Structures are given as C-alpha cells and as structure tokens.
1. What is the set of long-range amide H partners of SER362 at a cut-off below 5 Å, with H atoms built 1.01 Å from backbone N?
2. What FRET efficiency would be calculated for the residue pair ALA68, ALA120, taking the C-beta separation as r and a Förster radius of 25 Å, to the nearest 0.05?
3. Convert each backbone phi in segment 266-271 into a coupling constant with the Karplus relation 6.51 cos²θ - 1.76 cosθ + 1.60 (shift: θ = phi - 60°), then list the ³J(HN,Hα) values in order as whole Hz, x for Gly and Pro.
4. Please list the non-local residues whose amide H lies under 5 Å from the amide H of ILE269, H modeled 1.01 Å from N, same-chain partners needing a gap of 5 or more.
5. May I ask you to evaluate 6.51 cos²θ - 1.76 cosθ + 1.60, the Karplus curve with θ = phi - 60°, for each residue of segment 11-23 and list the ³J(HN,Hα) values in order in whole Hz, giving x for glycine and proline?
6. Once amide H atoms are placed 1.01 Å from N in the peptide plane, what residues at a sequence separation of 5 or more from ALA329, or on another chain, have their amide H within under 5 Å of its amide H?
7. Given 0.36 nm per residue, what is the gain on full extension from SER5 to GLU479 after removing their alpha carbon distance, in nm?
8. Just to be sure I understand the model, the point goes 7 Å from the Cα along the line to the Cβ. What's the resulting GLU146 to GLN206 distance in nm?
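Readers should treat all values here as calculations from the given coordinates under stated rules, not as data from a laboratory. As the structure is a computational prediction, the values presented were derived from the model and not from experiment. All Cβ positions, even for glycine, are placed from backbone atoms using ideal geometry, and neighbour counts span all protein chains on display.
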Amino acid sequence: MDPVSPSRISTGIAGVDNLLAGGLPRRGLYLLEGAPGTGKTTFALQFLLSGVAANERALLVALSETAAEVREFAETHGWSLDGVEIMDLNDLQAVVDETGRQTVFHHAEVEITKLTNLIAERIEKTKAVRVAIDSLAELRHLAEEESVYRLQMETLKPILLGNDRTILMIDEALHSGTIHTLAQGVIGISYSVSEFGPYRRHLSIQKLRGVKFKEGLHDFEILTGGIVVYPRLVTSEHRLNETAEQISSGIPAFDSILGGGLDQGTSTIFMGPAGSGKSILATRVALAAAERGKKATVYAFEESLSTLINRSAGLGMDLQTHLASGDLALRTIDPLELTPGKFADMVRTAVDNGTTMIVIDSLTGYIASMGAATDIALQIRNLLSFLAQRNVTTLLVSVQHGLLGSADEPSVAMSYLADTVVLLRYYEHLGEVRRALSVFKKRRGAHERTIRDIEFSSKGIEIGPPLRQFRGILTGVPEFQPVSE
C-alpha cells in the first residue's frame, strides 16, 4: 500500500510546524514535557490561539491557575484569550465534597475519578476541537498511586480523542514516563544555564507516530509575542545545481594570487593577528560583490556598524551607497545573545532573500556564541555545507593571538573546513612594522604561493610584488637575503 500522510493542524509556532513537516497530525494525543520555566504554558496558549484563528473551538484545562491568572499571563505577550474557553480551579471546586474537608488535591482514587469525569464533561459540553491540559502533574498528585493514575489516563484517552479532537497535555519531564506510551507524539523543551549570558533553550521532537520529523535539538527563544523556534540546518534539504564561476575580489593583484579570483560557492578564511587587515580585506571582497549588483551580507561580531563604515571610508571604500541600495547589508551580532540555531536561521533567511555572499567577522565571535557547545566544528561545517549547496560564497575572519611570531588560536584548528585560506602577518623591516599576505591553501585550481607586501591607505588596498629578498617573514622577524640576478 502507498503511505498515507495524515491531515495536519498548525501548532501556532512556525518553526515547530517546519520540524513536523506541516504540523501535528489531526486527532491525536500529544505530550509537551519540560521543567518549570521552559515555556510549556506559552506553547500551549499559542497552540490554542492558532485554533481560534482557524475558527476552531479551543479549551484550556488549567489545573494549577485561575482564569484570571492565565489571562494576565497572556496579556504579557499581547494576546487576547477571547475564543478560548478556560476551565480553571474555580470550576474544579465541584470535586470538593459537602464536608469541605477534601480538596481538589486530596490524594484519593475517588477524587481523581471525579476530576477526570468533570474534565470529560466540560470537553463534551464545549465541543472543543483543540484542548490543552496544564498540567498533568496535578492529576498525578491526586491519584497518589501510579497504577491509579495510569488507569485514569487510559480511561480518559478515548474520551479526549472523540469528535476529531487534538489534545496537548503538559507535564514535567521527570514524571511523564507513564504518558509516553499513551501519547502519539512527545515534544520536549529544556534550557541550560551558561556561566555568562542568557539561558540556552532547546526543543526536540522525541516521538511522533507515523510521521517523519526533524530529529535533534533545535534552538528556540521565548519573546514577547510567543515562542520562536530555529530549526537546525539539514544541508540535504537545500541542494542547488548551479554552475560555479570565479568572482573578482575587487583587487586585481589579489585575484592574480588566487589564480583568477574566488570560486563561487566556496568558503575562504582570512587569518591573522588583530589589526592585520583581515576585516577590511573581507569587506572589500563583499563590496566588490555589491558593485556587481550581487547581494552581500556582513555579520559583525566584534565591531559596531559606525566603526566599520567609517574605517572603510578612510580606505576609499564607500559602503553607504550600497547599503542604501540594499545590495550590501551589515548586521551587528552580540554573541552572548545569540545561539547557533538562531544565527543559522538568520543566514538562511538572508540567502532565501537573494544574498550570494556571506561574511562572518569573526569566526572567534561565532564560536563564542555557541557557549559550552562541544560540537563547534560540526556546527560550522554544517553551515558552510548549506551555503556551498546554495552556491553562496562565504568569507570567514579568524583572529589569532600575538602580533609577531607563531599564532595559536582555537579557530585556526578549523581552517581545514575552508576551501581557501588567506594568511595575513606582521613583519619587521627597516624599523617599520609592515603587513604581508599569502594564500597557502586553495582547493579548486592553482594559486600563487608567494608572500607579498600589502598596504592599506586612503588609496585603498595595494598589494606589492613577491617578497623574494626576505627569508622568515612568517616568523615576524625576517632576514634580508639578496636575490641574484
């Protein structure tokens, strides 16, 4: 038999719908689990409001809050809960017996039976198509014993799923094992606390019967207005078959060293100590793309836009004209407020909007944005693979420690990921500190292996002839060695 794709409903969160290839299968029982503060209630309200927007009846069963508290929370996101029926603590007072000595949270089998029956009656009465139960922890506490809790949930499940309903149940991650087997799907959300900076939040689809979904951890944020999920890049989904061509850097001498220019769709890393000209050289290449009418985007992790614009103007590069036309975009990035998933989503959006060149300045700042991530090389490789498959040229700036002599920096170890590596170094000559440029790696085609002097001035970027009369330039203190005619 041919596979059948189930009918879907939106979760109200675009990123989650993307992970689920369209949304949750209709008429299912789903579990959303996570620790307190991870965003479970926010997720549930977005789910219900998405139903209201689609003219579906929606019901929130709030087992730990009053309707007033829920509405007050919704207002912090700018949401109106008009159209969402709320069953709250006040409605659950029917569970209390005539003596008044029992409470909704009394641990007795008779009480959980009354409560589940009351929930079922309210669902039937409202004819809700979407239902969110927040949270199952109260039912578990009321049941007292795990066997009683499971029996009640098994009894409640067919009632919940009647009349084409879709149910979202909320629970704490450490205690939701019982519901895993009853639910058609499980979504987990969590956060980690870094030593410095904001929380890092992650979402994963742990289970979804009969549906192929994007596995792994996906970054997300809780913003005013709701949850925003950034699906991780899956490079196999973005393959393009376009013919690559060589593109000019805007500096004829540099193009000559590169064997004709940069190869479209490849990645180039500019390595060197602070102030050696890496950022300016990368910016010049991006400006050259804009001058050809191609879109280029620069992500600056280290500098402000005004500093970059003014410094470029002092070197004869007019960025303002192309910023105004939209062919060049400059984005300042605070690495402490950024996750790899969010940055990848920013880059993907720029590419979808026509960007053909991406500059990441610097790779050091990008690595810092990943916090305590242990898969840094894989994250970078995944991003570069995505850009290569979209035929986007990528420029990476890598800062090295030290001014003269050998340099050692964690990002240098990742230079193997780039197709082309350009090294900028300081060297001393006649009591003056000068700069040198060389290309010591280029995967596609031949390139010049000489070391050349490079100068930055108001005239622009000038590259001199090969420094053949020196030995040991890369050490920072070369020896003069005359070349015989």
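1. Under 5 Å from the amide H of SER362: PHE301, GLU302.
2. Values: r = 25 Å, r/R0 = 0.99.
The formula returns an efficiency of 0.50 here.
3. Ordered by residue, 3J(HN,Hα) equals 9, 10, 10, 10, 9, 10 Hz.
4. LEU396, THR420, VAL421, VAL422
5. Once rounded to whole Hz, the list reads 7, x, 10, 4, x, 5, 4, 5, 5, 9, 6, x, x.
6. For ALA329, the qualifying residues are ALA296, THR297, VAL298.
7. Separation in residues times 0.36 nm, less the Cα-Cα distance, equals 163.5 nm.
8. Label-label distance for GLU146 and GLN206, simple model: 1.5 nm.
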